[in-house]
Amino acid sequence: MIRTTDDVIIKTVSRIFTPFIQIFALYVIMHGHYSPGGGFQGGVILGAGFILLVITQGLDETRRRFSQKLDTIFCSIGLLVYSGIGMLCLIIGGNYLDYSKLSKILPVLAAKARSLGILGVEIGVGIGVMAVMYSIFSDIVTGGE
Amino acid sequence: MFIKILSISFILTGFFFFTTATIGLLRFPDFFCRLHATGKGDTLAVLLSLIGLAIYNGFSLTSLKIVSIAVFYFVAQPTGTHAISRAALRCGVKPWAKGEERR
Amino acid sequence: MQQFFLIVGTGLCFLVLLCLYRGVFGPTVLNRLAGISAIGTKTLVILLLMGFIYGRVDMFVDISMVYSILNFIGTLAVAKYLETKGEV
């Protein structure tokens with residue numbers, strides 16, 4: 001069990017920096033097509049932000065904000081978004097993850113439909129990776145409860 | 001031309017502080033003295049170097065990002081040094097007095 | 001200007017080798033932690049200088065920001081572990 005740090009400086013600085021780390025992780029996810037980044041890297045940075053909270057505030061405080069039930073729901077939502085877009089393209093009439101067929105549902109051109117499809121897949125991957133990293137870390141810390 | 005001279009002088013000053021901080025990390029006789037050298041010298045050197053690089057790039061979005069890295073680093077590195085020295089105090093590392101041998 | 005960045009980058013790489021001595025031969029574990037944190041600091045500046053040499057500054061700025069965040073979190077984690085477990 002990780003107890004909280006009884007030091008004012010480390011607790012305050014980590015509480016100030018966590019929103020900026022999360023906003024930067026969202027920036028990395030969104031700009032995956034232009035600069036280095038993408039879904040998996042942004043998810044890792046989001047997970048690292050939560051691990052910073054666990055180290056400095058203690059496991060009980062962080063579990064009050066991000067419970068285990070919500071964590072399991074996020075794992076499933078990430079996988080659902082990623083596979084769901086692939087299945088949607090399959091149902092409409094193309095191959096698996098063939099984004100150009102999405103232009104039959106949304107009123108956009110084929111090239112724009114590909115861009116939107118990739119963006120949706122990246123968001124799903126990012127959410128899933130964040131939830132899995134937090135879950136693995138709390139399992140290692142509590143010794144498998 | 002003036003911008004180039006200004007940025008070169010900033011980067012050279014940062015490199016000088018990096019050198020003195022590393023020499024201090026190797027040559028000081030005690031653990032807490034080494035933490036002084038790397039905690040203060042490295043932070044100032046990074047700040048000066050990044051400001052020099054931002055001046056060289058002109059006034060654009062990239063320079064704003066470089067300045068934001070410098071501000072984040074200016075707050076984060078002393079916090080890391082504080083955490084290390086707290087851990088050393090809890091483990092029982094004693095300070096050094098003049099006349100003892102190197103540790 | 002490229003020659004100047006190249007010379008400063010090579011000098012910083014030599015300083016990283018000097019810091020590695022403290023990271024390998026430090027008498028205790030805490031000395032090694034301080035050495036590795038100093039190496040992470042110099043790597044940050046070397047990455048930005050490489051970005052200027054290659055001419056693609058936008059790419060390397062994002063990479064160096066991520067590296068500074070991860071260096072900070074790693075130092076805090078190892079310091080907390082050594083505080084609760086005692087000196088090895």
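For C:Ser68, the criteria (1) surrounded by fewer than 20 Cβ atoms within 10 Å (Cβ to Cβ); (2) within 8 Å of chain B (Cβ to nearest Cβ) hold in every case but one, which is (1).
For the range A:14-41, a residue qualifies if it is facing chain C (nearest Cβ under 10 Å) and not in a loop (DSSP other than H, G, I, E, B), and the qualifying residues are A:Ser14, A:Phe17, A:Phe20, A:Ile21, A:Phe24, A:Ala25, A:Tyr27, A:Val28, A:Gln41.
In the range B:4-33, the residues that are under 19 Å from C:Leu17 (Cβ atoms) and more than 7 Å from every other protein chain (Cβ to nearest Cβ) reach residues that are among the β-branched types (Val, Ile, Thr) and surrounded by 19 or more Cβ atoms within 10 Å (Cβ to Cβ) with C-beta atoms within less than 7 angstrom, at least six apart or across chains, in these pairs: B:Ala21/B:Thr38.
Restricting to the range C:73-88, what's the tally of residues that are more than 7 Å from every other protein chain (Cβ to nearest Cβ) and at pLDDT 85 or above? It would help to see each step written out before you state the result.
Residues of the range C:73-88 more than 7 Å from every other protein chain (Cβ to nearest Cβ): C:74, C:78, C:81, C:84-85, C:88.
Subset that is at pLDDT 85 or above: C:74, C:78, C:81.
The qualifying residues number 3.
Apart from one condition, B:Gly92 fits all of (1) out of contact with any helix residue (DSSP H, G or I) (no Cβ under 9 Å at 6 or more places or on another chain); (2) touching a residue at least 24 places away in the same chain (Cβ under 8 Å); (3) at the interface with chain C (Cβ under 9 Å from one of its Cβ atoms); the exception is (2). Here C:Gly51 fulfils each of the conditions (1) more than 27 Å from A:Ile51 (Cβ to Cβ); (2) within 7 Å of chain B (Cβ to nearest Cβ); (3) crowded, with 17+ Cβ neighbours inside 10 Å apart from (2).
Considering each residue of the range C:54-77 in turn, none proves to be among the acidic types (Asp, Glu), in contact with a Gly (Cβ under 8 Å, 6 or more places away or on another chain) and not in a helix (DSSP H, G or I).
The values are calculated or read from the model by the stated rules, or taken from the named source; none is laboratory data. Quantities reported herein were computed from a predicted structural model and do not represent experimental measurements. Heads up, the Cβs are rebuilt from the backbone with ideal geometry, glycines too, and the neighbour counts pull from every protein chain shown.
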